[in-house]
Amino acid sequence: MLSSLADIQQLEKIHQLALDNQIAFASYCLPGASQITTLVQWKSEPAILSDLSDLESQSGFVFVPFDLQSATPIRLIQPDLIIQGDTFSETFLHGDKPWNQKPKGARSSKALHQASRDEYTQQVEALQQDIATGPLDKVVLSRISLESKPEGFNPSAFFMALQQSYPDAFVFMLYISDTGLWFGATPEPLLQVQGNTVSTVSLAGTRSYHPEQTLHPWGEKEIDEQEIVTRYIDELLNRFGIQSYQREGPLTQRAGSVEHLLTRFGFKADQLQQPVSSFLKALHPTPSVCGLPKELAFAKIRQTEKHLREYYTGFLGPVNMYNQWHLFVNLRSMKVEKDQLAYFLGAGITAGSDPVAEWEETNKKKKTLLQIIEALNL
């Protein structure tokens, strides 16, 4: 863990030198852990993978887009250096190997479409009509909210404040020169492999967090939305021939200013007769970020949304490191632009959705990151 102001300042030096020299890195903290891990790659550019099956023979930190068929590539940081917490040498900061680089040209960012409240609620109403009259059960509709980047924005201070504020989330800060600088504090594991144990979750349904409300019953809309995702995971496990698995939930899980319904699944890896990547490919994207039936919901998202999700609602995390996989859905995420902060937000739309309430739900999710930005810049 970062135990002193001096330690924090040292990690900030690593981040700043990497950003100044356009060197790829990822800093992250697993849920419930106190130690930050930082991976730095400078001897080559992060790999571009053509398929998730490539992960079987690779190790590092993977960054996967929502749409695997889009122009947004799968990236894999293969570290030349792994920093555990505050354990690194001063010679790394001052040596000429890592930082004696000519900055690489960063790819210009595409225009980010910001849907207005009216546009978003109209999209919700249109999706509700499709759900009422067709085979769709649920569609996850996302949007981008743009805010001015505060003067003197400190990426490292924001990351560390995020980690301290959300110790039960997977908190990350990632930079690749042609991908940009991303942050997130996601409450949703996608797939974790530790020894012979594989686990995943179904997470859906959102409401504001109030201490006195935690034990109150959830609404029918949220219960139905979560059950859609849970049913999908059950069916997927059966399809892969996994008959013996543990299921716990639905439980209430807090994620900053909101809370969700969550069901946990766990099974023994030796029940999986196919590579882990095959199960991963079937799992992504889950109905919690896409909808059901998945193919129809995916097509509807492409038709409706005017922005590119890029890595939002994709997944990320360390793979094949210390014989473990820790992959998380990229939720509560933000991309740093030159003068703006782009918040990626979404809500699950079902027949029981209220368009205005769905808009407000995305605003509540935005507060996970925004309230920390505001606190740092008072």
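Summary table below
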read-out	value
Checklist (1) open to solvent by less than 10 Å² (accessible area, probe 1.4 Å); (2) modelled with pLDDT of 95 or more; (3) not aromatic (Phe, Trp, Tyr) applied to Pro355, failing item	(1)
Positions within segment 313-344 being closer than 25 Å to Ser148 by Cα, touching a strand residue (DSSP E or B) at 6+ places or on another chain (Cβ under 6 Å) and open to solvent by 10 Å² or more (accessible area, probe 1.4 Å), in sequence order	Leu331, Arg332, Lys335, Val336, Gln340
Strands (runs of 3 or more DSSP E) enclosed by segment 156-267 - at least 2 residues per element that are polar (S, T, N, Q)	189-194, 197-208, 246-255
Criterion (hydrophobic (A, V, I, L, M, F, W, C), over 28 Å from Leu141 (Cβ atoms), open to solvent by 30 Å² or more (accessible area, probe 1.4 Å) and in contact (Cβ under 8 Å) with a residue 12 or more places away in the chain) met by exactly one of Ile77, Ile82, Ile36	Ile82
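For (1) over 25 Å from Val171 (Cα atoms); (2) modelled with pLDDT under 95, each residue gets a yes or a no:
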{"residue": "Leu261", "(1), (2)": "no, yes"}
{"residue": "Gln274", "(1), (2)": "yes, yes"}
{"residue": "His284", "(1), (2)": "no, no"}
{"residue": "Pro287", "(1), (2)": "no, yes"}
{"residue": "Leu296", "(1), (2)": "yes, no"}
{"residue": "Glu305", "(1), (2)": "yes, no"}
{"residue": "Tyr311", "(1), (2)": "no, no"}
{"residue": "Phe315", "(1), (2)": "no, no"}
{"residue": "Val336", "(1), (2)": "no, no"}
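The values are calculated or read from the model by the stated rules, or taken from the named source; none is laboratory data. Predicted model, so just to flag it, every value in this text is computed and none were measured. In this analysis, Cβ positions are derived from the backbone assuming ideal geometry, glycine residues included, and neighbour counts consider all displayed protein chains. The protein model used for the area step is the full one, side chains on, heavy atoms only, and it has no ligands, DNA or RNA in it. Shrake-Rupley method; radii C 1.70, N 1.55, O 1.52, S 1.80 Å.
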